[in-house]
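Every number in this text was worked out from the coordinates using simple rules, so none of it is lab data. No experiment lies behind these values; they were computed from the predicted model shown. Cβ coordinates were reconstructed from backbone atoms using ideal geometry, including for glycine residues, and neighbour counts include every protein chain displayed.
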Amino acid sequence: MGNCTAIDPKTLENENKAYLMETKVSLYEYFMYKNDISLNDALNLGANKYDKEITKARILKNYDHEKEYKEFKKTLPMFTACCTYRGQRAKENIVNYNGLCCIDIDHLQDVQKAKADIKTLPFVLYAAKSISGKGLFCLIRLSGKMEDYKAQFEALKEDFKNLGYAIDESCKDVSRLRIISKDTEPYINYQATQYNKKKITLPSNHYQATPQPNKNLSKDSVMAELENIMEDVQQNHLQLSRSHSDTLYLSNVLSSVMGEEGRKYLHIIREQRKGYDPIKTDNLFDYSLANNTTKYSMAALRHKYNQARETAYN
């Protein structure tokens, strides 16, 4: 199947300009739904209102203050490019599917070269620096329905790989949040074609997202891994807990592995499922601290995390 159907260039230009101005995305602050805004406004929000904050985030990243960078960028507004939602980013709360894929290419040695390479792809509508300043995000309009999204993502992943770039696998999730950014020279291709390739892949038996269990992990290593997992959980709305028994189990795991420091992570996990109650979550963690006698390791949390990723990405 080809990449595109031939359309008059002027028609494409008008269509893409209208798409950027009229398409709505859902805006979130501190991972909480705020309101819907236009895609164009979302793309320009960083430069228009958060220039100083984005500069600060990039300074933290450039000086390898990774922990501070990850925490700080969570304070910036985010938006869902693929869909609009009402409230929590759950499938049942989807209002509209935008037919848009937003991909990340991270850890680039030469951002400008990558942007130049991407310009050779006729289906890329928009490309700009990500929040770190060391990667790019790209917008591609898709021809299929929402049920085709993952198959189209897989095909995109292959096309970008052929160009020499690896797409962040997390972009397979339609509920993924895009942190606002800024770029003084974004690439906008008003004559971009809709992408209509699909690639059907068989689900893998196991997604190995983290290192194998290591009984000798230091507390700093455990904390670093937890922070990475929780960032993914929040960014991609991963549900590690699907029932009260799951939440109790994870509460016991976190209290065993981290003690009191595990409390905030239980809140992050529980926030991803309907019915989150901060007081009840605190009470549950208090119960685990007082009553749990089972010794757990990070392997228990990794298992739940990998299960959640398999569910979300396959």
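Relative contact order, percent, of segment 80-176 when contacts are C-alpha pairs under 8 Å separated by at least 6 residues?
33 percent
Using the number of other C-beta atoms within 10 angstrom as an exposure proxy, rank TYR149, TYR296 with the fewest first.
Least crowded to most crowded, the residues run TYR296, TYR149.
Looking at segment 250-310, which trypsin sites (Lys or Arg not before Pro) are in a loop (DSSP not H, G, I, E or B) and have at most 16 other Cβ atoms within 10 Å?
LYS274, LYS295
I need to check one value: relative contact order of the chain, counting alpha carbon pairs closer than 8 Å and at least 6 residues apart, in percent.
Relative contact order of the chain: 18 percent.
List the residues whose amide H sits under 5 Å from the amide H of LYS34, counting only those 5 or more places along or on another chain, with H placed 1.01 Å from N in the peptide plane.
It is LEU27, TYR28, GLU29, by chain and number.
Could you please rank VAL233, VAL253, VAL95, placing first whichever residue has the fewest other Cβ atoms within 10 Å of its Cβ?
VAL95, VAL233, VAL253
Which trypsin sites (Lys or Arg not before Pro) in segment 112-209 pass both tests, a DSSP loop state and at most 13 other beta-carbon atoms within 10 Å?
LYS119, LYS145
What do you get for the angle between helix 149-163 and the principal long axis of the chain? Use alpha-carbon atoms, 0 to 90 degrees, nearest ten.
70 degrees
In what order do HIS237, HIS267 fall by count of nearby beta-carbon atoms within 10 Å, going from fewest to most?
The fewest-first ordering by Cβ neighbours comes to HIS267, HIS237.
Which one, GLN272, GLN234, GLN112, has the greatest fluctuation when you compute a Gaussian network model over the chain with C-alpha springs under 10 angstrom?
Between GLN272, GLN234, GLN112, it is GLN112 that shows the largest mean-square fluctuation.
Does segment 9-188 come out rounded, prolate or oblate, given a ≥ b ≥ c as the square roots of the eigenvalues of its C-alpha gyration tensor, rounded meaning a/c under 1.5 and, failing that, prolate meaning a/b above b/c?
It comes out rounded by the Cα gyration axes.
Cα-Cα over 26 Å: which of LYS34/LYS274; LYS56/LYS91; LYS73/LYS264; LYS70/LYS280; LYS134/LYS157?
Check vs 26 Å cut-off fails for LYS56/LYS91; LYS70/LYS280.
Give a residue-ordered list of calculated ³J(HN,Hα) values for segment 175-188 (Karplus: 6.51 cos²θ - 1.76 cosθ + 1.60, θ = phi - 60°; whole Hz; x for Gly, Pro).
Those phi angles translate into 8, 4, 8, 10, 6, 4, 8, 8, 7, 5, 9, x, 8, 10 Hz.
Given springs between every Cα pair under 10 Å in a Gaussian network model of the chain, which of ALA116, ALA42, ALA151 has the largest fluctuation?
ALA116
Considering only C-alpha atoms, what is the centroid distance from segment 226-281 to segment 96-121, in Å?
32 Å
Classify segment 240-284 from the C-alpha gyration tensor, please: rounded if a/c falls under 1.5, else prolate or oblate depending on whether a/b exceeds b/c.
Since a/c reaches 1.5 and a/b is larger than b/c, the shape of segment 240-284 is classed as prolate.
Helix 51-62: angle to the longest alpha-carbon principal axis of the chain, degrees 0 to 90, nearest 10?
That helix lies at roughly 70 degrees to the long axis.
If one takes the longest principal axis of the Cα atoms in the chain, at what angle in degrees, from 0 to 90 and to the nearest 10, does the Cα axis of helix 219-236 lie?
Its long axis makes an angle of about 50 degrees.
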